[in-house]
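Step one of this worksheet: look at the structure below.
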Amino acid sequence: MSISSFALQTNFNVKNALASSTLIDLMKVRKETIRDCLADYENEEHRLEKVLRINGVEYINDSKAVNINATYYALESVETSIVWIVGGVDKNNNDYESLLPFVNEKVKAIICLGQNNDKIIDSFANIVDFMIETESMSDAVRIAYKLTNEGESVLLSPACASYDLFENYEDRGKQFKQAVRQL
């Protein structure tokens, strides 16, 4: 089975699929069954969920990325220039250093969405040309819309918990999708 036939094409999903299929193969599950499962698998809501493409810009809901590691894989998986919506409650005392290579390479603007963005701003202010703070998802999405061009992506991948402005990550993701649909 070629990787191009996997339903989910992100690097971490391909790695997970290869590891899982190897274990399942050892359990003597039919290769046809493995192939069908990998080809039909549906991504879960709020995890690198493609919401809409508007004027050639892809809007991606990764609200479930509540830590640096999840956001690392999100930034790695997007292959276009990114306007990144990030922020919330930094409950794990985030160290953003591991994200610097992706931000330097792919992120053209950062929209901080939260009540305390100091650490995010300190980490990335010298890397991106445009950074703005907001406390509203609809404002964040409208700003992202104005900053993007055809062939780019808007990525909500907060790297933080949602409790400052939202009930939970699901609420944050639903508000993102609603704001995108209202553009």
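The values are calculated or read from the model by the stated rules, or taken from the named source; none is laboratory data. Quantities reported herein were computed from a predicted structural model and do not represent experimental measurements. Because the Cβ atoms are built from the backbone with ideal geometry, glycine has one as well, and the counts that use them run over all protein chains shown.
At a glance:
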| read-out | value |
| --- | --- |
| Some residue of segment 115-132 being aromatic (Phe, Trp, Tyr) and loosely packed, with under 15 Cβ neighbours inside 10 Å | yes |
| Sole residue being at pLDDT below 95, surrounded by 15 or more Cβ atoms within 10 Å (Cβ to Cβ) and among the β-branched types (Val, Ile, Thr), chosen from VAL103, VAL89, VAL83 | VAL89 |
| Residue that is in a loop (DSSP other than H, G, I, E, B) and assigned by TED's automatic domain parsing to the domain that holds GLY173, where the choices are GLU97, GLU79 | GLU79 |
| Residue match in segment 163-183 (condition: assigned to a strand (DSSP E or B), in the same structural domain as ALA109 (by TED's automatic domain parsing) and crowded, with 16+ Cβ neighbours inside 10 Å) | no |
